[in-house]
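Below is one structure, written out as structure tokens; the observations come after it.
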2 protein chains.
Amino acid sequence: MRKLLIIGGSDAGISAALRAKELCPATEVTVVVADRYPNFSICGLPFYLSGEVADWQALAHRTARDIENEGIGLLLQHTAVSIDATQKEVSVRRPQGDLRKLGYDRLILGTGAESIRPRVAGMDLRGVFLLRWMDDAFILERFLSDRQPKSATIVGAGYIGMEMADALTRRGMAVTVVEFADSVLTTLDKEMGQRVETELGRHGVRVNTRVGVTGIVQSGDQLRVLGSGGFSTNSDMVLVAVGAHPRNELALCAGIQTGLKGAIKVDRRMRTNVADIFAAGDCVETRHRLLAQSTYIPLGTIAHKQGRIAGENAVGGDREFGGSLGTQAVKIFDLVAGRTGLRDCEALAAGLKPLTVETEMWDHKAYYPGAHKLWVRITAELGSHRLLGAQVLGHRHSEVSKRVDVFAAAIHNAMSIEDLNDLDLSYTPPLSSPWDPVQMSAQEWSKSARLLTPNPL
Amino acid sequence: MRKLLIIGGSDAGISAALRAKELCPATEVTVVVADRYPNFSICGLPFYLSGEVADWQALAHRTARDIENEGIGLLLQHTAVSIDATQKEVSVRRPQGDLRKLGYDRLILGTGAESIRPRVAGMDLRGVFLLRWMDDAFILERFLSDRQPKSATIVGAGYIGMEMADALTRRGMAVTVVEFADSVLTTLDKEMGQRVETELGRHGVRVNTRVGVTGIVQSGDQLRVLGSGGFSTNSDMVLVAVGAHPRNELALCAGIQTGLKGAIKVDRRMRTNVADIFAAGDCVETRHRLLAQSTYIPLGTIAHKQGRIAGENAVGGDREFGGSLGTQAVKIFDLVAGRTGLRDCEALAAGLKPLTVETEMWDHKAYYPGAHKLWVRITAELGSHRLLGAQVLGHRHSEVSKRVDVFAAAIHNAMSIEDLNDLDLSYTPPLSSPWDPVQMSAQEWSKSARLLTPNPL
């Protein structure tokens, strides 16, 4: 292995490059980057647009120089246009516009995902935005600075929609959220979503659920978003954030198999069906650890892990991806919401027999100042009591996200509800209780399950 | 099983009572409580003494009424004086001073621990305090209120000493800490202890390490603490917080075997060597999960777990204690320090071949406001790369304690360093990085280990 070529300079691509170079410094590693922003934290864009991150350059996980100092070649503003898997060559368009061929011994695709563009009228109107890449953010930031819009409508109440509702409110704008589902943040149960809606309302965000957007039209100086049931709202701008789908054009042309939502099929070693071509990140199907089947979960954490494994295996390693649990967290104003594993509806869909129990607790001993309510919803399997998933919601200082991670570590290790009580978790009154909320909620689950089954004694 | 008698109304005793009653409501459960404060959070005493908890009654995990409403009988201000294991009777001294015999079918000892009283002159002087039980706190609080001392010397820089340094400083007093070891908080490595010393210094606490206290003498209106190397310091009061040892008098009289530091020997089902007598909490030896041998770790978390197991088994259950990892956390001013598992020195003492690597990171993406430095020290076994322990230090809003718990869950499940990278941990820029600090520090450990061993590829 002499030449490792990587297409894509975001999380998966750069992780792969760094890992390959770390393990095998003699390999020539080149990364083809479509824009000028390799290894930028696109998860940070809402915080740039809110004004909390003053300098967009701070969003770089590493600078181009940092990466080059590791001995990794970067081809910025180069776009890969085709792969010849027989000749082991990739055609790339250079910034000047001409094509150039790059040979490889091993190739890693980290082409990522792109924003879903709903098929409704008005998506091309000035003042309608998508948000995924750095350039999207620059276009939106310029609009915000130049036009000083006073109001915004956000279509889609997923992670990006929620973070942008926070961001634009922070910027002094009146924000309206429109969501098709019957609560916001539908990656969590409705009970959790409703608490998020309360937090949004507390900060002046207007939330409209159960509205399918049917189009956007110009309305004087404003844009009018139209939706089902006669819905209509005017604002100075519209952000459409309804998810992402994998970029697979290059892969398809090279005869690489794709699956769910068009995502590239890979094995647990991140190999595609074409020899010497690996793929990782938002462009691939992701193995779900609990379901032991493929899902599509475009997340930076997974992209980093998969990229690292692809990089290691491309230089001769033999590591398998452990699978994802769909662990996610998001901060919305003063709340943090997180999840890992399966929710009740997902477990049911997978043919399991779940029970989900919600527990409301204090995040730490209530006698110590600053205690906040914390909600935990545990999903586990009836009968076996195997832990399947957990959702946690609470204040941003309530260690919500790392409590999610304690559950994630437990699910990773196939622990049962009762096993959670055996965990030796830390306690000090300002931060927890002698039984951590993770364990108190497990005990509540047990009590509920016991009502459904005979006494084990 | 008709009558379950429990001696001790703190964490272990009340947990046992609640669990027994939950699983077997027909059992008659009685708890003998030496003072008037069943189920109080004695871990909260420093926060009562600091003034942060205004009402001491808020320290109750549950009120006496809550407990009685569960059908549990409480005998307050009753002191058990002897056990007749043949007749299955316990003699208790009632508040009036007379003795009464209580029969039992099963007995659980949760007699707890008491403060170590160093054998140095001056311990009986007015103005010298110990701190473990509610009554200790009331005596100290009255002194603080009535005498308004301006300065204090704290002997011992363990968890209670550190929390009380914070508490008395918060109360406006000048605090001096005297510690025999060469850094404070010796349950963590010296590198961590020194950062805690810096935080103490930043708040005006004077720290004196490597000083063995030799005595306390009256010095006008003040007390003078004398120590090795000519050490001498004057202050208006002295708090001696040099640890605790198990209360085992009752057990010894009943022929119950004791071991380390005099702690009661129990099996994994919390049974003593005497039929139908269980024991749990600060009065027993605790099985260390990694070492698979007994240790003495008096902590509320463990007492709750062991009590719950003793209660379950006493009413016919068959649950084993999973073992402790010595997980602990403490907040000192704006810092939180935590640990789980083995440190390098402890692993060496156990005959293992550890490597300990420290990593300094940001707690979350540095571009998002409010990032703080976070230090993680990972101890793992050379060769196998089995995770043995972790110490984490950082800001109180850096989710330090639940990051410790992610390590605790990993050690509980015998994970290796590389396994940590497979964990699907949550990420959002305000709270973490795509690789959580738990994983970044694991990767640093791997890099250090690789320098010591051949390339695996």
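Any read-out appearing in this document is the output of simple, stated calculations on the displayed coordinates, not a laboratory observation. Note that the structure is predicted; figures quoted are calculated from it, not measured. Cβ placement follows ideal geometry from the backbone for every residue including glycine, while neighbour counts extend to all protein chains displayed.
Per-structure values
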quantity	calculated
Given charges at Cβ of Lys, Arg, Asp, Glu: the stretch B:336-452 dipole, positive-most of B:ILE411, B:THR359, B:ASN421	B:THR359
Two-site FRET efficiency, A:GLU141 against A:GLU191, from Cβ-Cβ distance with R₀ of 35 Å, rounded to 0.05	0.50
Those GluC sites (Glu not before Pro) in the stretch A:346-424 that DSSP places in a loop and that have at most 16 other beta carbons within 10 Å	none
DSSP beta bridges in chain A [antiparallel fraction, %, rounded to 5]	65
Pair-distance profile P(r), taking every C-alpha pair of chain A, with 20 angstrom steps and integer %	23, 52, 24, 1
Positive-end extreme of charge dipole, the stretch A:313-414 - chosen from A:TYR368, A:SER324, A:HIS385 (charges on Cβ)	A:TYR368
The stretch A:334-449: projected area of the alpha-carbon convex hull, averaged over directions, in nm²	6.6
Shape parameters for the protein assembly as shown, alpha-carbon atoms, Rg then Dmax in Å	30.2, 101
Relative contact order (%) - criterion: Cα under 8 Å, at least six apart; region: the stretch B:1-125	31
Positive minus negative residues near A:ALA157 (Lys, Arg vs Asp, Glu; Cβ under 10 Å)	-2
Per residue convex hull volume, Cα atoms of the stretch A:142-209, in Å³	69
Square roots of five times the Cα gyration tensor eigenvalues for the stretch A:25-114, Å	28, 15, 12
Where labels lie 7 Å past Cα in the beta-carbon direction, separation of B:GLN77 and B:ALA349 in nm	4.3
Nearest-0.05 FRET efficiency for B:ARG269 and A:LYS447, computed from C-beta distance (R0 30 Å)	0.85
Point-charge dipole on Cβ atoms (K/R +1, D/E -1) for the stretch A:128-240, about Cα centre, debye to 20	240
Fully extended contour minus Cα-Cα distance, from B:THR63 to B:HIS397, at 0.36 nm per residue	117.2 nm
Cα→Cβ-extended label distance, 7 Å offset, between A:ASP98 and A:GLN148, nm	4.8
Cα centre as origin, Lys/Arg/Asp/Glu Cβ charges: the stretch A:101-189 dipole, Debye	360
Estimated 222 nm signal from helices in chain B, with DSSP H stretches of n ≥ 4 weighted -39500 (n - 2.57), rounded to 500	-8000 deg cm²/dmol
Charge dipole (debye, nearest 20) of the stretch B:321-457; +1 at Cβ of Lys and Arg, -1 at Cβ of Asp and Glu	240
B:HIS395 long-range amide H proximity, modeled H, under 5 Å	B:VAL336
Rounded FRET efficiency, nearest 0.05, which uses the C-beta distance separating B:GLU89 from B:SER384 and R0 of 51 Å	0.50
Unit charges at the beta carbon, dipole of the protein assembly as shown: most positive-side option, B:ALA337, A:ALA349, A:THR209	A:ALA349
The stretch A:162-233-the stretch A:244-258 distance, computed between alpha-carbon centres (Å)	33
Anchor B:LYS353: lysines whose Cα lies under 28 Å away (excluding residues fewer than 8 positions away in-chain)	B:LYS190, B:LYS261, B:LYS402, B:LYS447
Alpha carbon centroid spacing (whole Å) that separates the stretch A:285-310 from the stretch B:280-302	39
Shape call, the stretch A:172-257: gyration tensor on alpha carbons, a/c limit 1.5	oblate
